[in-house]
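So the structure is just underneath, and the comments pick up after that.
The values are calculated or read from the model by the stated rules, or taken from the named source; none is laboratory data. Bear in mind the structure is a predicted one, so any value in this text is a computation, not a measurement. Heads up, the Cβs are rebuilt from the backbone with ideal geometry, glycines too, and the neighbour counts pull from every protein chain shown.
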């Protein structure tokens with residue numbers, strides 16, 4: 001049975017952990033720029049993508065994750081998405097009101113990635129990216145979708161990710177992760193007032 005532990009935000013730090021028979025993940029999220037980004041999942045390409053997202057999103061992120069990599073990277077990647085998504089959901093609960101919408105378009109050499117976020121409390125993912133190479137290093141590119149799907153469901157956001165074009169899978173994924181980070185940073189920016197100002201319905 002998965003165990004997900006969370007601590008109240010103290011000194012602007014949200015701490016979460018998840019332990020199962022397959023993975024062990026510890027995460028600290030600081031929802032402000034200028035904080036450390038330290039990612040160690042045991043999967044170098046995944047570390048690279050998460051670091052890019054956090055850096056360009058302007059939030060501090062520390063992740064230490066271990067999993068049954070000898071079986072597959074799937075469990076580790078998916079569970080990291082779950083924990084990170086839960087952290088952003090708790091960030092919303094802590095802040096009360098955020099900007100809600102975020103959008104970013106990022107080039108990476110031949111690739112152009114676009115991300116659009118709606119912090120809507122209704123999870124939905126659209127990912128359009130036709131990766132021409134099926135691996136980056138040892139990382140299977142189909143796990144990009146698994147990460148974003150897990151994140152979207154647990155964060156309860158609407159996320160659209162579009163790689164408009166590209167011929168190199170590394171560049172395409174990096175453009176998407178950078179755009180994702182920038183869009184998150186914009187969407188979760190604090191806004192004055194309460195959550196009734198985030199929707200015409202009066203609440204999300």
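Observations, loosely collected:
- Filter pass, residue 115 being assigned to a helix (DSSP H, G or I), within 24 Å of residue 43 (Cα to Cα) and touching a strand residue (DSSP E or B) at 6+ places or on another chain (Cβ under 8 Å): no
- Pair list, Cβ under 7 Å, 6 or more apart: region 1-30 residue on the phi > 0 side of the Ramachandran plot and assigned to a loop (DSSP other than H, G, I, E, B), other residue surrounded by 13 or more Cβ atoms within 10 Å (Cβ to Cβ) and at pLDDT 95 or above: none
- Here the condition is being buried (at least 16 other Cβ atoms within 10 Å of the Cβ) and either in contact with a strand residue (DSSP E or B) (Cβ under 8 Å, 6 or more places away or on another chain) or at negative phi (or both); of 128, 174, it holds for 174 alone.
- Within region 60-85, tally of residues that are more than 25 Å from residue 171 (Cβ to Cβ) and touching a strand residue (DSSP E or B) at 6+ places or on another chain (Cβ under 6 Å): 8
- Listed conditions (1) in contact with a helix residue (DSSP H, G or I) (Cβ under 7 Å, 6 or more places away or on another chain); (2) without any contact (Cβ under 8 Å) to a residue 40 or more places away in the chain; (3) surrounded by 15 or more Cβ atoms within 10 Å (Cβ to Cβ) are all met by residue 182, apart from (2).
- Put simply, of 193, 167 the only residue that is modelled with pLDDT of 95 or more, surrounded by fewer than 19 Cβ atoms within 10 Å (Cβ to Cβ) and either in a loop (DSSP other than H, G, I, E, B) or at negative phi (or both) is 167.
- Matching residues, region 133-142, being in contact (Cβ under 8 Å) with a residue 40 or more places away in the chain and part of a loop (DSSP other than H, G, I, E, B): 137, 138
- Taken together, the criteria exclude residue 46 from residues that are under 20 Å from residue 92 (Cα atoms), outside any strand (DSSP E or B), at pLDDT 90 or above and touching a strand residue (DSSP E or B) at 6+ places or on another chain (Cβ under 7 Å).
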